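Scroll down for the structure; my scribbles are underneath it.
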Amino acid sequence: MTVTQFHWRGLHVPFVAPWGEENPLPTRLIKRVGPDGAEGIGYADEVSGADRRDGALWVRYPLVRGRGKPRLADIHPLRQRQAMSHMLCMVCATSTFDNDEFSRWGGKHLFIGRAVDGRPIRDGDVTDTPPVCLPCAVEAAEACPHLVKGHTAALVERTEPWGVSGIVYDPRTLRPVSTKSKNGLTDVAFEDPALRWTLAARDVVTLHGCTPVDLAELATPSVAA
């Protein structure tokens, strides 16, 4: 998979970042009865096989990457889902299965995230952040405002689907349920009944076979070799 690389102020624009002309498409939500007989949200003009995945209704977004200015602090729902599903680097969109590091690391993928009280990435953690290749991880750790303040990294053997992150709607009023999260999204597991009332914006997975690593040491030739 070859993806055009865009740069902004000398840095890579992450593949998962939306651009100025990529905004949620206007839609009308309604109550609908699913195949299992349970009520949930749907689109008035829902397209079978296109608007849902694993039972979750997904937000509609245009795909016009490169148009306008990049919104580096945001995530494009469909590209995030693509990166997570195919284990693509969230920055350059190359496969983390095909790079040299994957073999050197014993068939593991690199994940990074903001450090929370110095806590490392652990087995069973849930995340909506796709993997990243080593060069892009180093660049992100040095340039991303969130990661510069503190980051944690781990080599991960595998991921498993867990659920989605999205906006949960009240079954009675069809109004968004308030949340304290900074991005306005709520993590909802696939087995949670709230899934059918959730407008998904990100795939969420669990991480397994995690080995915490120091990114600077990992990038040192003598260590990475």
>> Looking at VAL16 and the list (1) part of a loop (DSSP other than H, G, I, E, B); (2) free of Cβ contacts under 8 Å to residues at least 60 places away in the same chain; (3) surrounded by 12 or more Cβ atoms within 10 Å (Cβ to Cβ), which single condition is not satisfied?
In response: (2)
> Hey, among the residues in the range 129-178 that are hydroxyl-bearing (Ser, Thr, Tyr) and within 22 Å of ASP117 (Cα to Cα), which one's farthest from the chain's Cα centre (by Cα)?
Replying inline: THR152
>> Of all residues being surrounded by fewer than 17 Cβ atoms within 10 Å (Cβ to Cβ) and part of a loop (DSSP other than H, G, I, E, B) in the range 73-86, which is modelled with the highest pLDDT? Just the residue, please.
In response: ASP74
> Just for the range 98-119: of the residues that are small (Gly, Ala, Ser) and assigned to a loop (DSSP other than H, G, I, E, B), which one is nearest to MET87 (Cα to Cα)?
Replying inline: GLY107
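Matching residues to (1) farther than 20 Å from GLY34 by Cβ; (2) touching a residue at least 24 places away in the same chain (Cβ under 8 Å):
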| residue | (1), (2) |
| --- | --- |
| THR152 | yes, yes |
| LEU155 | yes, yes |
| ARG175 | yes, no |
| GLY184 | yes, no |
| ASP187 | yes, yes |
| LEU199 | no, yes |
> Name the residues in the range 1-13 that are assigned to a loop (DSSP other than H, G, I, E, B) and in contact with a Pro (Cβ under 9 Å, 6 or more places away or on another chain), would you?
Replying inline: PHE6, VAL13
>> Residues that are crowded, with 16+ Cβ neighbours inside 10 Å, modelled with pLDDT of 95 or more and not hydroxyl-bearing (Ser, Thr, Tyr): list the strands (runs of 3 or more DSSP E) wholly contained in the range 120-225 that include at least 3 such residues.
In response: 151-168, 198-213
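The values are calculated or read from the model by the stated rules, or taken from the named source; none is laboratory data. If you're wondering where the values come from, they're calculated on a predicted model, not measured in any experiment. Note that we place each Cβ from the backbone using ideal geometry, even for glycine, and neighbour counts take in every protein chain shown.
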